[in-house]
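Contents: one structure, followed by commentary.
Laboratory data are not the source of any read-out in this text; all were calculated from the coordinates shown. These numbers were taken from a predicted model, which means no experiment stands behind them. No Cβ is skipped: glycine too gets one built from the backbone with ideal geometry, and neighbour counts run over all protein chains shown.
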Amino acid sequence: MRRSQLFLKTRKDISKEEVSRNAQLLTRGGYVNQVMAGVYSYLPLGLRVLTKIEQIVREEMNAIGSQEILMPALHPREIWETTGRWDAVDVLFKLKGAGDRDLALGPTHEEVVTPLASTVINSYRDLPQAVYHIQTKFRNEARAKSGLLRGREFRMKDLYSFHTTQEDLDTFYDRVMAAYMKIYRRIGLGERTFITYASGGTFSKYSHEFQTLTDAGEDIVYEIPGHTDVLGVPERFGINSEIIEDQEALAGILPNYKAGDEAKLVKHKAIEVGNIFKLGTRFSKACGLTFADRDGKPQHPIMGCYGIGPSRMMGTIAEILSDDKGLVWPDEVAPFRVTLINLKTSDASTTQAAESLYTALQQAKVDVLYDDRDTSAGEKFADADLLGCPWQAVVGPKGAEKGVVEWTNRKTGAKQELPVGQWPW
């Protein structure tokens with residue numbers, strides 16, 4: 001993509017209302033544009049990042065055997081009354097449709113997916129099943145703030161699984177947990193992300209949240225030392241602050257727990273970037289979903305629910321993986337892998353060398369943003385740092401004469417000169 005043709009305008013100053021770091025950087029870089037509090041347009045660069053994050057999520061969900069579908073965002077009141085949640089969910093957007101019909105915009109999809117499953121599930125032979133979708137969700141947040149971290153309209157992957165036994169659910173649940181951690185590692189958040197015990201609410205004894213450590217976070221988690229994951233691999237686990245004073249819960253989580261041990265745990269601020277629940281039969285019973293077991297007796301499937309927010313993860317990356325110059329995207333989610341800078345568009349040999357490199361990168365299937373604008377070198381460098389692509393390739397008159405390109409790693413700042421046609425990775 002040529003920068004001169006891109007639907008993009010970087011900014012030096014933005015509204016003082018955008019107080020969070022991720023909102024400031026993403027807005028200044030032309031990735032998003034705020035429509036109102038908690039609602040954003042994704043511009044070309046922002047959509048490229050969001051799409052790459054969602055593709056990583058999709059790949060890891062497919063890898064554990066779940067299947068992608070797409071459910072509607074517009075829901076009739078009746079299905080929410082069936083589960084008793086029409087009045088119980090305080091963030092539910094409610095609206096009137098034709099004929100004065102009560103409707104809602106979906107913040108989650110248990111009420112849709114459970115009746116849907118009844119069209120497929122009749123016998124134990126039809127189980128287990130796991131389906132997911134990636135969709136725009138709506139929540140009427142009273143305090144929409146922190147850029148992409150707390151929105152009224154946002155992107156969500158929600159996965160729902162159906163099982164004959166608790167043991168089968170437990171096995172799949174652990175596979176999702178491992179898949180989520182793989183997602184966080186791929187998008188650059190793995191080292192900072194905890195698996196955190198949280199309240200299970202009305203569904204189960206515990207749920208699990210995935211919390212990424214940052215001073216910008218609104219949640220408090222307590223790190224459990226010496227913990228391993230479900231495969232026995234050392235992993236960072238924690239306890240959410242909402243259950244830290246629950247003695248019974250702590251005794252079930254901490255080995256050899258003694259009263260007061262919680263005071264020894266390390267306290268962190270964090271952003272929740274995912275959560276998973278064991279729903280049991282709460283929704284299958286409410287919606288009348290049954291299957292015939294091996295004896296022909298009707299049973300309710302045991303369900304699990306697994307959420308992860310691509311737009312929130314995008315905001316979290318911007319919040320954490322950035323510096324005083326701008327964004328620093330990891331390779332797998334960057335809008336482009338390379339920003340190519342032509343230092344002197346008025347010089348024919350420089351432009352010829354830059355155009356040749358641009359063509360070579362495209363032919364090598366490397367995503368490249370070519371800054372071909374007739375503007376100062378200082379502005380091009382500042383914009384390249386703000387946009388945060390992993391590599392900057394600089395072509396100037398001296399380099400064109402010698403047949404070399406200066407490559408800079410955005411994360412480390414390391415520079416090297418390479419002949420045209422050679423890449424630093």
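I want to check the label-to-label distance for GLU242 and THR281. Put each point 7 Å from Cα in the C-beta direction and report it in nm to one decimal.
According to this spin-label approximation, the distance is 2.6 nm.
Using the C-alpha gyration tensor of the range 60-107, what are the square roots of 5 times its eigenvalues, in whole angstrom, with the largest one first?
They are 27, 13, 9 Å, listed from largest to smallest.
Hey, if you put +1 on the Cβ of every Lys and Arg and -1 on every Asp and Glu Cβ in the chain, which of GLY106, PHE381, TRP423 ends up farthest toward the positive end of that dipole?
Of GLY106, PHE381, TRP423, it is PHE381.
In the range 3-320, if the dipole is taken from +1 on Lys/Arg beta carbons and -1 on Asp/Glu beta carbons about the Cα centre, which of LEU25, GLY252, GLN211 is farthest to the positive end?
After comparing all options, I get LEU25.
Only counting other Cβ atoms within 10 Å, I'd like HIS163, HIS300 sorted with the fewest neighbours first.
Ascending Cβ contact count within 10 Å gives the list HIS300, HIS163.
Pairs of Cα atoms under 8 Å, at least six residues apart: use those to get the relative contact order of the range 338-419, whole percent.
Taking the mean separation of contacting Cα pairs over the length of the range 338-419, I get 34 percent.
Students often check this: by mean Cβ neighbours within 10 Å, which of 143-156, 41-54 ranks highest, and how do the rest follow?
Ranked from most to least packed, the peptides come out as 143-156, 41-54.
List every residue whose amide H lies under 5 Å from the amide H of GLU141, counting only residues 5 or more places away in sequence or on a different chain, with H placed 1.01 Å from N in the peptide plane.
Hits under the 5 Å cutoff: none.
Under 17 Å Cα-Cα from LYS365, which aspartates and glutamates qualify once same-chain neighbours fewer than 8 residues away are excluded?
The reachable aspartates and glutamates, counting only those whose Cα sits under 17 Å from LYS365, are ASP331, GLU332, GLU355.
Picking from GLY309, GLY97, GLY29, which is most flexible by a Gaussian network model of the chain using Cα springs under 10 Å?
Most flexible of the set in this elastic network: GLY97.
Would you mind putting 291-298, 273-280 in packing order, based on average other-beta-carbon counts within 10 Å, highest first?
Put in order of decreasing packing, that is 273-280, 291-298.
Ranked from highest to lowest mean number of other Cβ atoms within 10 Å per residue, what is the order of the peptides 103-114, 366-377?
Top to bottom by mean Cβ count within 10 Å: 103-114, 366-377.
Among the listed pairs LYS12/LYS325; LYS16/LYS145; LYS205/LYS267; LYS182/LYS411; LYS205/LYS278, which are separated by more than 20 Å between their Cα atoms?
LYS205/LYS267; LYS182/LYS411
Given contacts defined as C-alpha pairs under 8 Å and at least six residues apart, what's the relative contact order of the range 3-320, whole-number percent?
Once normalised by length, the contact order is 20 percent.
In terms of the Cα gyration tensor, with a ≥ b ≥ c the square roots of its eigenvalues, is the range 338-419 rounded because a/c is under 1.5, prolate because a/b exceeds b/c, or oblate?
Cα axes put the range 338-419 in the rounded bin.
Using the charge dipole of the chain (Lys, Arg: +1 at Cβ; Asp, Glu: -1 at Cβ; taken about the Cα centre), state which of LEU74, VAL394, HIS133 has its Cα farthest towards the positive end.
Final value for the positive-end residue is VAL394.
Taking every DSSP beta bridge that has both residues in the chain, what percent is antiparallel when rounded to the nearest 5?
So the antiparallel bridges amount to about 80 percent of the total.
Classify the range 229-326 as rounded, prolate or oblate, taking a ≥ b ≥ c as the square roots of the eigenvalues of its Cα gyration tensor: rounded when a/c is under 1.5, otherwise prolate if a/b is larger than b/c and oblate if not.
oblate
Please state the charge dipole magnitude for the chain, taken about the Cα centre, from unit charges on C-beta atoms (+1 on K and R, -1 on D and E), reported in debye and rounded to the nearest 20.
So the magnitude is around 880 debye.
In terms of the Cα gyration tensor, with a ≥ b ≥ c the square roots of its eigenvalues, is the range 1-128 rounded because a/c is under 1.5, prolate because a/b exceeds b/c, or oblate?
Oblate shape, in that a/c is at least 1.5 and b/c is the bigger or equal ratio.
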